[in-house]
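Contents: one structure, followed by commentary.
The values are calculated or read from the model by the stated rules, or taken from the named source; none is laboratory data. None of the values given here were measured: they were computed from a predicted structure. Reconstructed Cβ throughout: ideal geometry from the backbone, glycine too, with neighbour counts over all protein chains shown.
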């Protein structure tokens with residue numbers, strides 16, 4: 001299993017994670033370099049996988065000497081750059097089988113006119129004579145082992161003759177095997193069967209499954225207003241600090257909330273975006289200005305997407321150890337905000 005850095009890249013805790021994972025996988029050149037430098041690259045026993053929807057020649061040259069596997073998104077990219085990779089890293093391409101398990105169209109790699117991966121009808125048997133592996137990424141928060149196994153069967157049926165020629169297959173991320181009551185043994189047996197059937201090394205690229213429920217976004221109520229409904233305004237914003245809440249319209253969960261609470265509030269952000277709110281939640285007691293709230297499960301796709309919208313203060317990042325000790329991993333200030341916008345001026 002290789003950690004999907006697109007989901008979680010807070011390298012200050014990688015030493016805690018390393019014993020349980022085999023390396024990292026990336027979607028851009030800086031992620032490749034980060035994985036290599038902080039998780040371990042060649043000679044460390046860890047692997048660094050490099051994938052991008054669209055490489056430039058400079059991107060390929062920047063990462064080819066620090067990655068173990070380079071996966072191209074298209075046949076044209078493979079043709080353009082494979083000569084830069086041969087002899088330095090294992091070469092693969094992303095395939096798109098046209099099927100997926102993704103809850104929302106925005107995250108569905110099999111959506112109409114998808115740009116992600118090579119379609120089956122574009123393939124020729126000779127292509128696989130000079131490939132080491134392939135990658136399928138066709139799941140998003142798939143909580144069902146049976147659904148995943150159905151996808152495996154489909155892949156095997158569509159591409160079996162090609163897979164038999166390869167050394168490795170990455171099955172991507174989005175397999176939520178840490179979800180409560182997930183049939184883990186069924187998943188393991190299916191992976192073992194697939195690996196033995198096609199004589200390939202399998203990889204999974206988990207992100208959320210690795211860090212779900214490991215982090216809270218701690219916010220403070222700064223005001224309470226009413227316009228037909230009580231709204232508690234907090235010193236944070238989905239637009240800046242928890243972007244997927246806004247993008248996917250998935251309400252956040254509040255640690256202090258109660259399903260049967262008497263007092264209901266919109267948990268609103270302090271950004272200028274009219275619809276920027278975390279959720280609607282009920283509480284046993286009225287909220288107060290200055291009260292802290294914990295927005296749960298805020299590790300995945302949050303810190304990697306932090307931005308300076310409205311010039312809001314960026315949350316500091318801490319690690320709480322099992323013995324209760326708290327260690328600071330990162331903090332941000334005005335100079336970080338200013339530098340992100342310009343370093344030089346013109347006249």
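Structural remarks
- Verdict on residue 93 being under 26 Å from residue 120 (Cα atoms), in a strand (DSSP E or B), in contact with a helix residue (DSSP H, G or I) (Cβ under 7 Å, 6 or more places away or on another chain) and in contact (Cβ under 8 Å) with a residue 40 or more places away in the chain: yes
- Among the residues listed as 206, 180, 251, the single one being free of Cβ contacts under 8 Å to residues at least 24 places away in the same chain and either out of contact with any helix residue (DSSP H, G or I) (no Cβ under 6 Å at 6 or more places or on another chain) or closer than 30 Å to residue 136 by Cβ (or both): 180
- Complete set of residues in the stretch 316-332 that are surrounded by 10 or more Cβ atoms within 10 Å (Cβ to Cβ) and farther than 17 Å from residue 11 by Cβ: 320
- From 325, 297, residue being over 22 Å from the mean Cα position of the chain (by Cα) and modelled with pLDDT of 95 or more: 325
- Residues of the stretch 217-246 that turn out to be under 26 Å from residue 9 (Cβ atoms) and crowded, with 19+ Cβ neighbours inside 10 Å, as a count: 12
- Set 84, 116: member being touching a helix residue (DSSP H, G or I) at 6+ places or on another chain (Cβ under 6 Å), surrounded by fewer than 18 Cβ atoms within 10 Å (Cβ to Cβ) and either within 14 Å of residue 51 (Cα to Cα) or at pLDDT 95 or above (or both): 84
- Tally of residues being under 18 Å from residue 134 (Cβ atoms) and part of a loop (DSSP other than H, G, I, E, B) across the stretch 42-53: 1
- Residues in the stretch 62-78 that are part of a helix (DSSP H, G or I) and surrounded by fewer than 14 Cβ atoms within 10 Å (Cβ to Cβ): 1 in all.
- Exactly one residue out of 263, 278 is touching a strand residue (DSSP E or B) at 6+ places or on another chain (Cβ under 6 Å), assigned by the TED database to the domain that holds residue 298, surrounded by fewer than 19 Cβ atoms within 10 Å (Cβ to Cβ) and in contact (Cβ under 8 Å) with a residue 12 or more places away in the chain: that is 263.
- Meets criteria (in the same structural domain as residue 37 (by the TED database) and more than 23 Å from residue 175 (Cβ to Cβ)) for residue 66: yes
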